[in-house]
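Student: First the structure, which I've put down as structure tokens, then a few questions once you've had a look.
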Amino acid sequence: MAKEFDPGNLVIVGAGFSFNAGLPLAGGFTKELLSLGRVVADGPSARQIAFIRGFADRVFGEGASRTADEWPDLEDIFTLVDLSANTGHHLGPHYSAADLRVVRRAIIVRMIRMLYQAYKRRQRSPDADWRALETFFDGFRADTARCSA
């Protein structure tokens with residue numbers, strides 16, 4: 001006889017749920033992605049930011065420096081990069097499909113680093129939002145089996 005799954009609790013959360021863990025909301029994501037305020041000046045994140053900025057300024061800013069607010073949405077950048085890279089097309093005169101695959105990887109790596117760094121900062125210095133998240137998760141017991149025989 002098959003065991004019946006009993007999840008006990010089911011929580012459906014929205015995209016902003018991770019905000020309490022120190023992660024940026026969608027509206028501030030690009031700004032945080034490009035922020036040099038909390039990175040080591042000559043570290044890998046600073047170099048990634050410079051590379052990504054250079055790409056966006058050259059392709060979307062006609063060579064002029066733009067603020068994060070003046071950038072296209074990150075989803076739009078990814079769509080253009082993906083379509084061009086995956087079909088072998090250039091994006092502007094300076095970025096071949098191979099170059100765009102490098103750009104895509106750079107953006108993904110920077111996103112992961114930015115999210116990890118934001119999370120670790122909040123974990124090291126918890127505030128009321130972090131404590132609310134911990135209290136929420138403390139209400140669940142993941143260490144007990146909830147399957148019936």
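The values are calculated or read from the model by the stated rules, or taken from the named source; none is laboratory data. Computed from a prediction, not measured in an experiment: that's the story for all the values here. Methodologically, a virtual Cβ is constructed for each residue, glycine included, from the backbone with ideal geometry; neighbour enumeration extends over all protein chains shown. Surface accessibility is based on the protein's heavy atoms, side chains included, excluding ligands, DNA and RNA. Shrake-Rupley method; radii C 1.70, N 1.55, O 1.52, S 1.80 Å.
Student: For the list (1) out of contact with any helix residue (DSSP H, G or I) (no Cβ under 6 Å at 6 or more places or on another chain); (2) modelled with pLDDT under 85; (3) closer than 30 Å to ASP127 by Cβ, I need the number of the one condition that GLY63 fails.
Tutor: Among (1) out of contact with any helix residue (DSSP H, G or I) (no Cβ under 6 Å at 6 or more places or on another chain); (2) modelled with pLDDT under 85; (3) closer than 30 Å to ASP127 by Cβ, the lone unmet condition for GLY63 is (3).
Student: Okay, moving on. Which of (1) in a loop (DSSP other than H, G, I, E, B); (2) touching a residue at least 60 places away in the same chain (Cβ under 8 Å); (3) closer than 30 Å to GLY139 by Cβ does ARG38 not meet, given it meets every other one?
Tutor: Result: ARG38 passes all but (3).
Student: Test each condition in (1) within 22 Å of LEU36 (Cβ to Cβ); (2) open to solvent by less than 60 Å² (accessible area, probe 1.4 Å); (3) within 22 Å of the chain's Cα centre (by Cα); (4) of a type outside the set (Val, Ile, Thr) for ALA64 and report the one that comes out false.
Tutor: It is condition (3) that ALA64 fails.
Student: Looking at the stretch 68-148, what helices (runs of 4 or more DSSP H) fall wholly within it and have at least 1 residues that are open to solvent by less than 50 Å² (accessible area, probe 1.4 Å) and either free of Cβ contacts under 8 Å to residues at least 60 places away in the same chain or acidic (Asp, Glu) (or both)?
Tutor: 74-87, 97-124
Student: Quick check: anything in the stretch 11-18 assigned to a helix (DSSP H, G or I), surrounded by 15 or more Cβ atoms within 10 Å (Cβ to Cβ) and under 15 Å from the mean Cα position of the chain (by Cα)?
Tutor: Yes: one or more hits.
Student: I'm trying to understand the selection: among the residues of the stretch 68-118, which are out of contact with any helix residue (DSSP H, G or I) (no Cβ under 6 Å at 6 or more places or on another chain) and among the polar types (S, T, N, Q)?
Tutor: THR79, ASN86, THR87, SER96, GLN117
Student: Of the conditions (1) in contact with a Cys (Cβ under 9 Å, 6 or more places away or on another chain); (2) surrounded by 11 or more Cβ atoms within 10 Å (Cβ to Cβ), ASP6 fails just one. Which one is it?
Tutor: Failed condition: (2).
Student: Something else about it: Consider PHE78 against the criteria (1) of a type in the set (A, V, I, L, M, F, W, C); (2) over 30 Å from ASN9 (Cβ atoms); (3) at pLDDT 90 or above: it satisfies all of them except one. Which criterion is unmet?
Tutor: Result: PHE78 passes all but (3).
Student: Looking only at the stretch 21-35, count how many residues are touching a residue at least 60 places away in the same chain (Cβ under 8 Å), open to solvent by less than 40 Å² (accessible area, probe 1.4 Å) and assigned to a helix (DSSP H, G or I).
Tutor: Total satisfying the criteria: 2.
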